[in-house]
Structure formats: C-alpha cells, structure tokens
Amino acid sequence: MCENKNDIIKEFRIYSLATDPIYIGTGGYTIGRVDNTIVREPTTKLPKIPGSSLAGTWRYYVTLEIHKYFTNSDYRIKRENRKDKKDIFVNKAPKWVNNFVDNKYVGIKCAGKDDDSNINFDEAGDRGTGHCGHCIVCKGFGFSKKDKSWQGMIYFGDLNILLFPVFTREGTKWVTTEKSLIEADLLKNKKGDNEVYVVKEETEEGADDFLNLGWLYLSYKKEKKCISLDKVKIDGFRLEVKDIVIVPEKLFSHIVNSNLEVRTSVSIDPITGAAKEGALFTSESIPRGTVLYGKIRIFDKSVFAGISSELSSLPSEKYLESALRDSKHFFETLGIGGMTTRGFGRIKLELTPCEGDDSTQFEDKGEKNDAE
Ligand SMILES: [Zn+2]
C-alpha cells in the first residue's frame, strides 16, 4: 500500500478529523431537497474533500505561515531588502523559510490565483503582483507564467471518508468498510482480538442483534479483527474499536448519504429583520466527527537542480515537508471549504510518513498484543 519505492518520491498518509461540518460545494446543483450540494466521488457518490481544495487551501496557509516571519508587516518583501538577505526574515524563522534563497521573492500574492500570469518568468520575481515563480510556495505548489510553467512538487490526493459517525440506539458509532480500513492501514487481514460490529450483506442465521444506522435497520454479528486505531488518535479524539461498525461496500454510500448534516437556512430581510419570502434554502455537509483519509506525495526534484538551468534552486523534500507541517495548524482555525465564517470547515490533519515497512511494524505490534 506504500509506494515509497525510491528516494525521490516520498509518500505521506493524511488522517484527518472534521471538528466542524465540512462544506465543499459543487456550485449550483440541486439534488432532491438539497439546494447547495457538496462534492462527491462520481463512482461511489461518497462526499469527499477533493485534492484540489486541499492543495489550494494549503498553498494559502504556507504563504500565511511565511508571512509571520517577515521583518516588516508588508505583504511582499521590498525590492531593496532582498539584497541584504538577513533583513528579510526574523531570526527565529525556520530553515524552510530562511535558508531557501529564493524566498526573498515571496509575498502573500504567491497564494491563490495568479493575478499577473501574462508576464515573463524573469520579470515575475521583481514585481509586486501575482505568483513570484521563485519562492518555496511557487516551486512547491506550481506556477504558470507567460514563458514558463512549473508543475510543482507536491501531489495532493483526495481525502475520502474513512470513519463516518452515525447516531444509533447504542450511541454514536463510526461506520466504515473493510476495504477503507485496510487501505488506511488500520486493519490487518489476520487474526486479532478486537471485537467489532460487522454488518453482512444478507441477514444471516445467528445474527447477534440489530442496529439502526439512520433509517436502515440492520443485523450484525460481533467479530474479532486485528484493528489498531492509534493513527486516528488525533489530539483528544479517542475512538474505540468497539464503536466501529464495518458495513458492506454497497451499503456504505447509502448510510453516509442519508446521514449527512442538512441545514435549512433562510435569508433575512434587512429592513424588517424577518425571514425573506421565498428565500429558504438547504445545504448539506460532511458532519463533525468524520474521519477522512488520503495521501500526498512529494517529488524531490531538487536532486535534479543543477543538471538543467531551468531546475536550479528547488526546495528539498525536507523543506517542503516542514512547510506543510508548520502551516497545517491553520486548518484548525480557518478551515477548508465554504461557509467557514458560519461554523463550517475546521479540520485537524495528521501527516504520517508512509514508510515502506510500516505494515510490518503494525504486524509486530499485533503479535505483541496477542501474546499479552
Ligand atoms: Zn512565490
């Protein structure tokens, strides 16, 4: 499951916890009673956080993080300051900010859409507008100028729903599938001693009991599996194996889609302060408490720097990794997606290096558990 087959591409697993409902809108589709619908995986109809949203938001947060270390409060370093590099960043700036030489061109405009893309690359660094094309943000996330485009070095995958909270008569349970647990390295295909609820595709003889997952009333069996939830212990969030319900693949999408958070809102008439006639609308979102999982990869193109003049001065994988780590705290305050000023969007992310041998580490631990 880990594709770290060489040294120049480093893969990371992302485990994340929604601390607010997450709304990433599709813009304009109405499905059934919902006016403002969210992005879904076309093949499974499961809501997700697309890699493009993650990339765009993280680009902004890396830029914000760098800005914190500017010696002045300007949003772009003044041209005259760049010659004397020591005036650019404060002393305590981390290496990925201070030691990457081309960060002397960075500015807040390196985030977001390039508003000055029709100029040549050589001019870009000296202007106060648009993507500078030089800094760790532009090199890491990519840029496009009139005469030169750069793909970037960080590859973002989608964040998919791994564990989805549903209220049942036995309290809140987190619904998942065997496939996603294996993919996220939480379940091993071997004997274990963690007892979980398993819902089978057909009601079979000898079911232990029934459980209501939203409007679905399903029979389950308690089975012993080899599950470790250490990786989804995100901050104070402690999910217990006994609260997990494994359901068949084909039911998962139904359970998720019928248990999304749906809010009905109304526009307020500014004159009367009352609800505006005909301005009722509904929006859906991924509920708080959902655990999502995805992967990102960093392609360390800095090893090629010098071979071609085009690729000179590139940040190392280590610097890019630090940039992502040091800036991810913004997801916990500013969030991702839409309606972040109305109680939506906050999410906690954990970045775990995808080691080639991490599955064996898990196995060792499992055996230790068995022995205990
Ligand atoms: Zn830049």
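Where a number appears in this text, it was derived from the coordinates with a stated rule and is not lab data. Keep in mind the model is a prediction, meaning the values are calculated, not measured. Using ideal geometry, Cβ is built from the backbone for each residue, glycine included, and neighbour counts are taken over all protein chains shown.
Among Ile227, Ile271, Ile88, the ranking by other beta carbons within 10 Å of each residue's beta carbon, starting with the fewest, stands as Ile271, Ile227, Ile88. Fully extending the segment from Leu64 to Ser258, taken as 0.36 nm per residue of separation minus the present Cα-Cα distance, adds 66.1 nm. Note on Glu223/Leu351: beta-carbon distance plugged into 1/(1 + (r/R0)^6) with R0 of 35 Å gives a FRET efficiency of 0.65.
What is the calculated FRET efficiency for Asp116 to Lys190, with r their C-beta to C-beta distance and R₀ = 56 Å, to the nearest 0.05? Approximately 0.50, to the nearest 0.05. Estimated at 0.36 nm per residue, the fully extended path between Asp209 and Glu240 surpasses their Cα-Cα distance by 9.2 nm. For the chain, the longest principal axis of the C-alpha atoms and the axis of helix 358-371 are separated by about 40°.
The peptide list 41-47, 219-225, put in order of mean Cβ contacts within 10 Å with the highest first, becomes 219-225, 41-47.
Could you tell me whether the chain comes out rounded, prolate or oblate from its Cα gyration tensor? Rule is a ≥ b ≥ c as square roots of the eigenvalues, rounded for a/c under 1.5, then prolate if a/b exceeds b/c, otherwise oblate. It comes out oblate by the Cα gyration axes. The distance between label points at Ser149 and Asn91 comes to 4.6 nm (points 7 Å beyond Cα on the Cα→Cβ vector).
Each peptide among 60-67, 72-79 gets the average number of other Cβ atoms lying within 10 Å of its residues, and from highest to lowest they stand as 60-67, 72-79. Report the FRET efficiency, 1/(1 + (r/R0)^6), for Val303 and Asn72, where r is their Cβ-Cβ distance and R0 is 56 Å, rounded to 0.05. The calculated FRET efficiency here is 0.95.
Using C-alpha pairs under 8 Å with a sequence gap of at least 6, the mean separation divided by the residue count of region 164-259 gives a relative contact order of 37 percent. Its DSSP H runs of at least 4 residues, each contributing -39,500 (n - 2.57), put the calculated 222 nm mean residue ellipticity of the chain at -5500 deg cm²/dmol, to the nearest 500. List every residue whose amide H lies under 5 Å from the amide H of Thr290, counting only residues 5 or more places away in sequence or on a different chain, with H placed 1.01 Å from N in the peptide plane. Amide H neighbours of Thr290: Ala18.
Compared with the direct C-alpha span, the chain from Thr44 to Glu170 gains 42.6 nm at full extension, assuming 0.36 nm per residue. Per-residue packing, averaged as other Cβ atoms within 10 Å, sorts the ranges 229-235, 177-183 into the order 177-183, 229-235, beginning with the highest. Couplings for region 71-77, taken from phi via the Karplus curve 6.51 cos²θ - 1.76 cosθ + 1.60 with θ = phi - 60°, read 6, 10, 8, 5, 8, 9, 5 Hz in order; Gly and Pro are left as x. Among Lys104, Lys318, a tally of other beta-carbon atoms within 10 Å of each Cβ gives an order, fewest to most, of Lys318, Lys104.
Our note on the geometry: Cα centres of region 196-218 and region 74-105, 60 Å apart.
Fewest Cβ neighbours within 10 Å first, please rank Val34, Val199, Val291 accordingly. Ascending Cβ contact count within 10 Å gives the list Val34, Val199, Val291.
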